[in-house]
Amino acid sequence: MMTLDNLLALSGATTLAALLLGQSRVFAWLGGLMYIGQIILLAAMNLPDVASFGFDIFGQTVGWQMDGFGRFFALITLGAALAAIAYTGGEWGDRYVQNGNSRRTLQFALALNVLAMLLLLASKDLIAFFIGWELTSWAGFMLMAQGGDRALRAALRYVPYAMGGAMAVLAGIVLAHTWAGSLDIGVLAGRLPGLANWQIATLLVLFGSGFAVKMGLLPFHLWQAPAYAEAAGAGTGFLAAISSRMGLFGLGLLLIKLLTLSRVADLSFIPGVFDAQDLVAWLAAFTIVLPTFTALKQNDARYLLAWHGIGQSGYMLLGLAMGDPIGTAGGLLHVFNHATYQAALVFSVFAVIHRTGTADLNSLGGLVTRMPLSFLAMLMGIIGLAGLPPMNGFVSKWLVYRSLMIDGHPFLFLMAVLGTLGTILSVYKLIHNTFLGQLRAEHENVKEAPWSMTIPMLALVGLGFLTGVAPGLALHYVAEAQAALGLPVMPYTMGGVQSPRGDLDMIWVVGVLFAGFGVGAILFYGFGNKSKRIHQLDNYAGGHFLSADVRYHYSDNFYAGLMHRIGPLYRSSFTWLESSIASSVDLAASLMQGWYRQVTPALVLLIAAALGLGWTIWR
Amino acid sequence: MMEILLEITVMPLIAFVIGLFMVLMMRRIAAKIQRRVGPPLLQPLYDIIKLYGKQTQNSHGLLHDIGIVMAVGGYIAAETMVPVPGMNGIADKSGLLALAYVTMIPSLGLALGVGQCANPNGSIGIARALTAMLAYDVPFVLIIFGVAYAYGSNNLVDMIAAQQAGGIATWGAVKMPLLAIAGLFSLYAMLGKQPFEIYVAPAEIATGPMVEMGGKYLGGLFVMQCFQLFTATAIYVSIFLGGGENWLTFIVKLFAVVAIPMSLAFVFPRYRTEDVLAVVWRWPVLISLAGIWLVMH
């Protein structure tokens, strides 16, 4: 009953229903129920489960099979879809339709994304994988392109990246088949590690760059922030939570299962000092730091979060690249944790946009008294994003830090912590400029977002808190994923980790933290004189009373002193790289066109002359 | 179980009392340097009682109150993770890394409370305080890394046991002198006294985070400062000076450590924000990297 067949059939039915009924407001309920059904089917499935269907092509059997690694990602995907569809059902969806957008297309794109990801995550061989990969890319594009011209333009930037990535993956598949004689992932896992070093390196570069594009790993990250930020609210939440993690899924499969980390580590650049595994870890570390500090400079809340999404994926890859039980558990757990708080943060920002019409961090402020629930969601969300207790983000980052400490990587550890510190600065700016400080006169009558928006975000941060107190709930699925990848499983307890080199028991840590808050509250409210509440707009500065029409909210260039020091380090090198590659491709294309159509005989002559000259000199 | 509950109740109290005397010592040192008499023994306690008892207690909203609750409550929780002689609390269930992150919770609470006050000077103060945190936490985490690697554990209880096994010769400060020096430097920056008091800067941003704080709000911050002084120095003593064999040596070590930055502080003017970054990212970072290199080779 609880089979992969039924899961995929239900997912297909959801997609079809979205296409037929998606325009209706009520579909959010139906679709939500269908996603819940898929979650139940998936959670109750006995693994591994092989689909009964499949087909033969070029002598290869194409089939699907769900294992623990796929299920871990699939559960997050379905959870994110459920949260997103709840968001579309109410006022936000109505406004979206009023603005001339199609709710049907949005629902269809969402359901198609889920179906495509399930197909990808359950692929048994590389052809099924490539089908899922392409479907995921195009469904992702469809979801990114919803929500107006800016969204479409940002999504179009993704297309050349996606196509380049797909070509690289396809080339990798062809080579893998040529060298190993099979496309079945299980068979390849046995054969690929036996290949020569140069073959492993080729596969690593081809597959790796294809997956890195989807994940937004440096230097392929530029497309992601605008594409995610400009999409429609519900879509942004889903995309931010899980979409780019498909790249991480691919990388995990490649690095750990197919090529194995020990073979990757055999590819050394400087023997004994720097090998390909270090290279992956360092790419991950730079992916943590650079996008995080780019986020710090953003003035649009959506872009700020999208840049952090790229940065956080660095922790996931860094954990996986360590290859030890603690590090890989941390990296995988961070996928789940990040999905919970990042989607909540996105929803909270879109709730503010829904009520005020802007996400510009210089045009907001003081909304905490008007939108307390959205504030609460954002507060818990940023605690998770910054990786502080008691939220779940702390646990996964702690695991990654621990792994870096045990394995003795001081610089990677420093990079990981630097990312966290930068995140703390950036998210305080986010919550301060949006919810704290001076309330603008035009926002005086703003109301809390409707329940259809607040419930999903509060449910998400509630889940983030629950798995922060009891990480064992999520670590169960992480252990399953580790086992499916063939990794040693990290011993865990309900409260965290039991290791001979330092425990973490979150039940105690959080318990004591809240007991401390309790004592703090008794000390504050129980002792001393009673405090008098002053109206939010009753303020003064420099001895003058201020009225609401005077703007004194400190928001622009928030970290002026810091930027004075590190500002010159922002050089847009990657934008320069991207545009130089684009111009080179453009130049090459026009040269080819000119050559083919003979429109510029002078150019042909010039090239011939240059070659001739070069030949003469060379002689 | 009962023992742990008793310990986690007593440990914050001890920390508070020691913190009060640290504040007193800081003021006495300042008075000596400035050739004043200085405050009497119980002045810090009187100050807190006075602030709590003040008639004017202005709240700028619920979050303003919660900020103070978090600032004090977060440190009360953190004290249960700092081992003192005879009591480990939950130090072996959390470790140094978790402790470092738990101590960020009070700062976050303070930042939220200040933000709610909507005073631009307060917000500038928080922006500077977070920048200072970005500065001193870079050497601090390198030191955490170095000592955790050297002791083979992230657990303060293990670290203290390892140091007490062989007397002064096995102290962290003897085995890892460079890390200990860098640690003292970043401890100094962490305490936020001159020349690192960029976020208070009374003449510039009117005491920054404290600008809207009066009465028990300021009293809460006073309590927070006591805890902060104790926590930072107790961590230092635990990782470099062998922790406390008994209460006497523990307290002597604590006050000796806190006296060093306090004696230096009052002869300095104030850095600019960008200069704090420059100095803290240069010297303690370089020294701690050299220290890590020594530890790992």
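Please treat every number below as a calculation from the coordinates, not as lab data. This one's a predicted model, so the numbers in the text were calculated from it and none came from an experiment. Because the Cβ atoms are built from the backbone with ideal geometry, glycine has one as well, and the counts that use them run over all protein chains shown.
Before moving on, here are some points about what is shown:
- ³J(HN,Hα), Karplus 6.51/-1.76/1.60, whole Hz, each residue of the range A:277-292, x for Gly, Pro: 5, 4, 4, 4, 4, 5, 4, 4, 5, 5, 5, 5, 6, 5, x, 5
- Computed per residue of chain A from DSSP H runs no shorter than four, each worth -39500 (n - 2.57), the mean residue ellipticity at 222 nm is -23000 deg cm²/dmol.
- Under 10 Å, Cβ to Cβ, from A:Ala548 - net charge with Lys/Arg +1 and Asp/Glu -1: -1
- Short-range pairs are left out: with C-alpha atoms under 8 Å and at least six residues apart, the relative contact order of chain A is 12 percent.
- Length added when fully stretched, A:Ala602-A:Asp407, from 0.36 nm per residue minus Cα-Cα: 64.1 nm
- Backbone N atoms of the range A:105-141 closer than 14 Å to the 7 Å Cα→Cβ label point of A:Met163 belong to residues A:138.
- Under 10 Å, Cβ to Cβ, from B:Ile198 - net charge with Lys/Arg +1 and Asp/Glu -1: -1
- In chain B, the C-alpha radius of gyration followed by the widest Cα-Cα span (Dmax) gives 18.7, 61 angstrom.
- The lysine pair count for chain A, using Cα distances under 25 Å and pairs eight or more places apart or on different chains, is 11.
- For the peptide B:132-141, the mean number of other protein chain Cβ atoms found within 10 angstrom of a residue's Cβ is 4.
- Here B:Trp247 and A:Arg25 are evaluated by their C-beta separation; at R0 = 60 Å the FRET efficiency comes out at 0.30.
- Shielding by partners, peptide B:148-158 (average Cβ within 10 angstrom, other chains): 4
- Solvent-free Debye calculation, one equal scatterer per alpha-carbon of the range A:52-161: log10 I(q)/I(0) at 0.11, 0.12, 0.16, 0.23 Å⁻¹ equals -0.44, -0.51, -0.81, -1.22.
- The range B:163-279 shape via C-alpha gyration tensor axes, a/c threshold 1.5: oblate
- Cβ-Cβ distance of B:Phe255 and A:Ala483, R₀ of 45 Å, FRET efficiency by 1/(1 + (r/R0)^6): the value works out to about 0.30.
- Take B:46-54, B:271-279 and order them by the average number of nearby Cβ atoms within 10 Å per residue, most first; the result is B:271-279, B:46-54.
- Chain B, relative contact order in percent, only Cα pairs under 8 angstrom and at least six apart counted: 29 percent
- Note on the range A:573-618: Kirkwood hydrodynamic radius from all Cα pairs is 12.2 Å, rounded to one decimal.
- Residue order, fewest to most beta carbons within 10 Å, for A:Met316, B:Met104: B:Met104, A:Met316
- Between helix A:149-180 and chain A there is an angle of about 40 degrees, using the helix long axis and the longest principal axis of the Cα atoms.
- 0 to 90° range, to nearest 10: angle between helix B:247-265 axis and chain B longest Cα axis: 60 degrees
- Largest to smallest principal axis extent of the C-alpha atoms in the range A:301-449, angstrom: 54, 23, 23
- Acute angle (nearest 10 degrees) that the helix A:451-469 long axis makes with the longest principal axis of chain A, alpha-carbon atoms: 80 degrees
- Rounded Å value of the spacing that divides the Cα centres of the range B:140-199 and the range A:229-273: 36 Å
- Whole-Å distance, taken between Cα centres, linking the range A:399-443 and the range A:548-619: 32 Å
- A cut-off under 15 angstrom between Cβ atoms defines the neighbours of A:Ala449, and their net charge, with Lys, Arg +1 and Asp, Glu -1, is +1.
- Part-to-part distance (alpha-carbon centres) for the range B:227-254 and the range A:135-199, which is given in Å: 55 Å
- Computed over the Cα atoms of the range A:472-619, pair by distinct pair, the Kirkwood hydrodynamic radius stands at 25.7 angstrom.
- Relative contact order for the range A:125-213, counting Cα pairs under 8 Å that sit 6 or more residues apart, in percent: 34 percent
- Modelled this way, with points 7 Å down the Cα-to-C-beta line, the labels at B:Ala278 and A:Phe55 are 6.8 nm from one another.
- Within the same chain, aspartates and glutamates fewer than 8 places from B:Lys193 are excluded, and of the rest, those with a Cα less than 19 Å from its Cα are B:Asp137, B:Glu204, B:Glu274, B:Asp275.
- Distance between the pseudo-spin-label points of A:Ile40 and A:Thr493 (7 Å out from Cα toward the beta carbon): 3.5 nm.
- Converting the Cα gyration tensor eigenvalues of chain A into ellipsoid dimensions via √(5λ) gives semi-axes, longest first, of 40, 30, 27 Å.
- Over the range A:1-266, volume per residue of the alpha carbon convex hull, in Å³: 112 Å³
- The mean number of Cβ atoms from other chains found within 10 Å of a Cβ in peptide A:414-422 is 4, as a whole number.
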